[in-house]
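Student: The structure under discussion is supplied below as structure tokens; questions concerning it will follow.
The values are calculated or read from the model by the stated rules, or taken from the named source; none is laboratory data. Owing to the predicted nature of the structure, the values given are computational and were not obtained by experimental measurement. Glycine also receives a Cβ, built like all others from the backbone with ideal geometry; neighbour counts cover every protein chain displayed. Surface areas here come from the heavy atoms of the whole protein model, side chains and all, with no ligands, DNA or RNA. Shrake-Rupley method; radii C 1.70, N 1.55, O 1.52, S 1.80 Å.
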Amino acid sequence: MHVFYSEEKKGNILILEEGEVKHFRVRRIGKEEEFGVIYEERIYLCKVEKEEKSRIFCKIVGQLETKEPHKDITLYQCITVELKTMDTIVRQITELGVKRLVPIISERSFRKKDAIKRKFEKWKKIAVEAMKQAKRPIHLHVSEPMELEELEPIHEENIVLDNFYKGIKVKNVNLTAENFGVVVGPEGGFSEREGRILREKGFKSVILEPYTLKSETAAVSIVSILMNC
Ligand code: SAH
């Protein structure tokens, strides 16, 4: 089923605007055809009520059952030097059900806070596209960027992926925990000092086997393991 996204509801009508109108027209939805519309953490079943040039009015005819992730995962992702890589990470972790993304500024990461914050609008758009694809009604929450040194192990299970340290294997993480904080490094990895700081604070250092992964592959791999265990 095709799924669209709305931010405006009037009575039992949901209104599609801007990019959603374009997306709707590309899909060539028929007059009597039913489709989904995500609005405020729900997915409604709708039919077209009326079309204008720049808006589409969708009549709510029902509600779709939605799934909730079993795990509450916060990803502390060190901002990749290649900022575009963050777009891929945002899209994939939204599909996988990550609740929160906290952009982290580390020694070897991209470090300009203002430039990072200017990406928030774009990330929201990418995350909404991923929500529609995944039929996920809940937004990915993106927090203010933080310095790596400010991180604290506030979750039930706190891990750092560090390929430079002989840490524990994933099977030795408490996989039955329901709330995880996961720190992933940038392209160049963590410095020795950063790895030590996080371990001393109580983050469990985890090594993925057998090879060295790209930052985005590492983030997506650990999230899908934790989400499905
Ligand atoms: N440039 C480094 C690799 C850094 S990989 C090198 O050539 O060795 C970027 C990040 O992905 C790391 O900081 C870590 O968080 C994660 N990562 C990649 N492969 C990993 C592995 N095998 N185990 C644990 N973490 C890994």
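Student: Rolling a 1.4 angstrom probe over the protein heavy atoms, how many square angstrom per residue are accessible across segment 70-210?
Tutor: Numbers: 6790 Å² over 141 residues.
I get 48 Å² per residue for segment 70-210.
Student: Residue by residue, what Karplus-based ³J(HN,Hα) values in Hz, rounded to whole numbers, does segment 168-180 have, using 6.51, -1.76 and 1.60 with θ = phi - 60° and x for Gly and Pro?
Tutor: Couplings: 7, 7, 4, 5, 8, 7, 6, 6, 8, 4, 10, 10, 10 Hz.
Student: Given 0.36 nm per residue, what is the gain on full extension from Glu32 to Thr66 after removing their alpha carbon distance, in nm? Display every interim value, and only then the final one.
Tutor: On the way: separation 34, 0.36 × 34 = 12.24 nm, distance 2.30 nm.
Taking 0.36 nm per residue and subtracting the Cα distance, the gain is 9.9 nm.
Student: Rg and Dmax in Å for segment 31-75, alpha carbons only: what are they?
Tutor: For segment 31-75, the Cα-based Rg and Dmax read 14.2, 42 Å.
Student: State the percentage of accessible surface on segment 1-148 attributable to carbon and sulfur atoms; use a 1.4 Å probe and exclude ligands, DNA and RNA. Don't skip to the answer; put the middle values down first.
Tutor: On the way: 3780 of 8140 Å².
Within segment 1-148, the accessible surface is 46 percent carbon and sulfur.
Student: Still on this structure: Applying the Karplus parametrisation 6.51 cos²θ - 1.76 cosθ + 1.60 with θ = phi - 60° to the phi angles of segment 114-120, what ³J(HN,Hα) value in whole Hz is obtained for each residue in order, glycine and proline being reported as x?
Tutor: 5, 5, 5, 5, 5, 7, 4
Student: Starting from 0 in steps of 10 Å, tell me what percent of the Cα-Cα pairs of segment 72-227 lands in each bin.
Tutor: 11, 45, 36, 8, 0
Student: Can you order the peptides 144-154, 29-39 by their average number of other Cβ atoms within 10 Å per residue, highest first?
Tutor: On the way: 144-154: 14.4, 29-39: 16.5.
Result, highest mean first: 29-39, 144-154.
Student: To the nearest 20 debye, what is the magnitude of the charge dipole of segment 31-133 about its Cα centre, counting +1 on the Cβ of each Lys and Arg and -1 on the Cβ of each Asp and Glu? Before the final figure, lay out the partial values.
Tutor: Working: 24 positive and 18 negative charges, 127 e Å.
Magnitude of the dipole: close to 620 debye.
Student: Please calculate how many Å² of accessible area segment 3-63 carries per residue, with a 1.4 Å probe and no DNA, RNA or ligand atoms counted.
Tutor: Details: 3660 Å² over 61 residues.
On a per-residue basis, segment 3-63 sits at 60 Å².
Student: Roughly speaking, what is the stretch gain from Glu121 to Asn228, that is 0.36 nm per residue apart minus the C-alpha to C-alpha distance, in nm to one decimal? Provide the component values of the computation, followed by the final result.
Tutor: Values: separation 107, 0.36 × 107 = 38.52 nm, distance 2.96 nm.
This chain segment gains 35.6 nm when fully extended.
Student: Taking the DSSP beta bridges in the chain as the whole, what percent of them are antiparallel, to the nearest 5?
Tutor: Of all bridge pairs located within the chain, approximately 45 percent are antiparallel.
Student: Let a ≥ b ≥ c be the square roots of the eigenvalues of the Cα gyration tensor of segment 3-63; is it rounded (a/c under 1.5), or, if not, prolate (a/b larger than b/c) or oblate?
Tutor: On the way: a/c = 1.41, a/b = 1.22, b/c = 1.16.
It is rounded, given that a/c, with a ≥ b ≥ c, falls under 1.5.
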